[in-house]
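Report on the structure given below.
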Amino acid sequence: MTTTENNPAHTRSMHRASGVKLKLTLRDIAQMIFFALLIRPFMALFIGLRVRGREHLTETEPFILIANHSSHLDTISLLSLFPIHRLRYVRPVAAADYFERSRRVSLLTRTLFNILPIARKSITPENNPLRRMQEAIEAGYSLIIFPEGTRGEGGEMGRFRAGAAHLLEKMPGVPVIPAYLVNMGRSLPKGELIPVPFFCEVRLGAPRVIGGARQDIVRSLESAVRELKEID
Amino acid sequence: MNMLAALKSISPVWRMGLLVLSVLVIATIAVAVIRRAKPQKDFSELAARVRAWWVMAVVFFGAIAVSDLFSLIFFAFLSFWAMKEYITLLETRPADHKALVLTFLAIPVQYFWIALPGRGPWYGMFIIFIPVFMFLILPVRLMLSKETVGFVRSASQIQWGLMAFVFGLSHLAFLLTVPSIPGTNATGRTLVLFLVFVVEMSDVLQYIWGKTLGRHKIIPAISPNKTWEGFLGGIASATLLSLAIRFLTPFSILETIIVSLMITVAGFGGGAVMSAVKRDFGVKDFGSVIPGHGGMLDRVDSLCYAAPIFFHYVRYFHSWD
């Protein structure tokens, strides 16, 4: 295992770059209002979201939040966990070919969710996803990454892809927060428009610094999320 | 004597509020005394339960005192939350999704019939919407998803939940909006207070009798904590207590006793049925929204059974139409 959660040499670097202050834009305010008035009441009263390990979110910044993926609710519920004034520091990494498929969808996802669109196909030096993510972290953003790369079906977690590991290899020392999301895929599965209010849960793990060879990082990320799946 | 006269002059709803307040104060003091008497034993769950009762009593009185519309929204939300707890524990199939959306849409619709003016014509709709229309529509929606494996199970378990938690509980809301029972002081509001107080007190008293004197298990395969002593002691003492709040009802003394026995036994049936459901799901509680009690369903389980029984008793024998 390459997890070095308790290694003091790494804990120092965990607080790197925190304290960066991003300017408040109109977009940020729109997002804050959207979350305060719609998303949070929706999560509390309709979904009845339960959160375990919420304290892990405020320990360090920036971070990379890694989670399993089965629903559009995943991103929304993860974003709903942050204090409203920290919301603009968190960007979900999202597939450009899907979330930028039309002007309208793109405007919506960029404005309300502050997505970091990345290319899945026809990658050029300009749109290189790694570079985009690296730049975002250097600018002071934290990222939400779903390493499965797409929404899974039937409640089983898919294999993790190497993108997030690649990023961690380039930026060692950025802490990872693992998360496991329960029942989101039941509430709003792929291909459905209207959610069914199953109770959903977010389980967050302690932030950790993960290093090593790329394949080791992939494995560590996957087992960190799987570990949270097992607890009950 | 003056105090008693003053008490008689305030409205039945407020008189009931004072009564509940004194019950809660007594319960709180009792728990504090027990804790001091036996400091070595852990009574934190008991204390949490009593605290939760304070919150529930305040919320409930608030919900039924503000306005009819507010009460309806409150009861609709109870049904919604209960249904959420139920379906989360169900084994659902991906093919059930659209039928489940319909199921949840049925909740506001069922309460909408109650909100409509002119109760007479809409009572019919209220009483057949779920048992007839939803019963026919849901399987059609399930059939359209073209998945036959587990079809009957899905259709049955969804309809069962709708009947118990939406249809059953909505009787409380309908009863609440009944203006007045001819020739008495009783209104829908006072009847709901009577029903909820007797059924919930019966739950609490069954628990207390069972904990203190319980020896003989009544349904060990379903709920090992339920005893004959708890059952009999609970319904007897709740029935006795109901005589103290007869001012909320149009009933004579004998009738109050009969009605209270009926609803406490029905409430026990509801609680036991929900225990069987929990057994089937392999869980102890339906959720964790109410500290010390579990989920919303763990609190309203007896009412799901008692409410329709009480409602139809009153409607038949003290018809308001």
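Structure notes:
- The C-alpha radius of gyration of the range B:2-317, expressed as a fraction of 2.2 N^0.38 Å, stands at 1.04.
- Antiparallel bridge percentage (DSSP; both residues within the protein assembly as shown; nearest 5): 35
- Most mobile of A:V51, A:V182, A:V202 in a GNM of chain A (Cα contacts under 10 Å): A:V51
- Helical segments meeting 27 Å axial Cα length and Kyte-Doolittle 1.0 threshold in chain B (DSSP H): B:12-37, B:44-65, B:68-89, B:97-115, B:188-213, B:253-281
- Per residue convex hull volume, Cα atoms of the protein assembly as shown, in Å³: 212
- For residues of B:77-90, the mean tally of beta carbons on other chains within 10 Å: 3
- Pairs beyond 22 Å (Cα-Cα), from B:K84/B:K226; B:K84/B:K278; B:K217/B:K278; B:K217/B:K284: B:K84/B:K226
- Residues whose amide H comes within less than 5 Å of that of A:V90, counting only those at least five positions distant or on another chain, are A:S142 (H built at 1.01 Å from N in the peptide plane).
- Sites A:R103 and A:R27 - FRET efficiency at Förster radius 22 Å, r taken between beta-carbons, to 0.05: 0.85
- In this simple spin-label model, placing a label point 7 Å from the Cα along the Cα-to-Cβ direction at both B:D42 and B:S145 gives a separation of 4.1 nm.
- Whole-Å distance, taken between Cα centres, linking the range B:91-112 and the range A:108-147: 37
- Residues whose amide H lies under 5 Å from that of A:G211, counting only those 5 or more places away or on a different chain, are A:T4; hydrogens are built 1.01 Å from N in the peptide plane.
- Longest site-free stretch - chain A; sites: trypsin sites (Lys or Arg not before Pro), DSSP loop, at most 12 other Cβ within 10 Å: A:24-100
- Scoring B:260-270, B:299-309, B:34-44 by mean Cβ neighbours within 10 Å over their residues and listing the highest first yields B:299-309, B:260-270, B:34-44.
- Set of lysines near A:K121 by C-alpha distance (under 26 Å), chain-local residues within fewer than 8 positions excluded: A:K170, A:K190
- Rounded to whole numbers, the Karplus 3J(HN,Hα) couplings from phi for the range A:139-147 are 6, x, 8, 9, 10, 10, 10, 9, x Hz, using 6.51 cos²θ - 1.76 cosθ + 1.60 with θ = phi - 60°, and x at Gly and Pro.
- Sequence-distant lysines (8 or more away, or on other chains) whose Cα lies within less than 16 Å of B:K41: B:K211
- Label point distance in nm, B:K8-B:R35, each placed 7 Å from Cα along Cα→Cβ: 4.0
- Choice from A:S70, A:S220, A:S106 showing the highest fluctuation, given a GNM over chain A with Cα pairs closer than 10 Å: A:S106
- DSSP bridge analysis restricted to chain A gives an antiparallel fraction near 25%, rounded to the nearest 5.
- Size-normalised alpha-carbon gyration radius of the range B:1-130, reference 2.2 N^0.38 Å: 1.52
- For the segment A:180-190, counting C-beta atoms of other chains within 10 Å of every residue's C-beta and taking the mean gives 2.
- In order along the range A:193-201, phi translates into HN-Hα couplings of 9, 10, x, 9, x, 5, 5, 10, 9 Hz, rounded to whole numbers, per the Karplus curve 6.51 cos²θ - 1.76 cosθ + 1.60 with θ = phi - 60° and x for Gly and Pro.
- Length-normalised contact order for chain A - Cα pairs under 8 Å, 6+ apart - percent: 31
- Neighbouring partner chain Cβ atoms per residue of A:193-203, average, 10 Å criterion: 5
- Label zone (B:S180, point 7 Å along Cα-to-C-beta; backbone nitrogen cut-off 15 Å) within the range B:10-41: B:11-13.
Bear in mind that the values in this text are calculations on the coordinates, not laboratory data. Treat the numbers as computed from the prediction; the structure is a model and nothing was measured. Note that each Cβ is placed from the backbone with ideal geometry, even for glycine, and that neighbours are counted across all protein chains shown.
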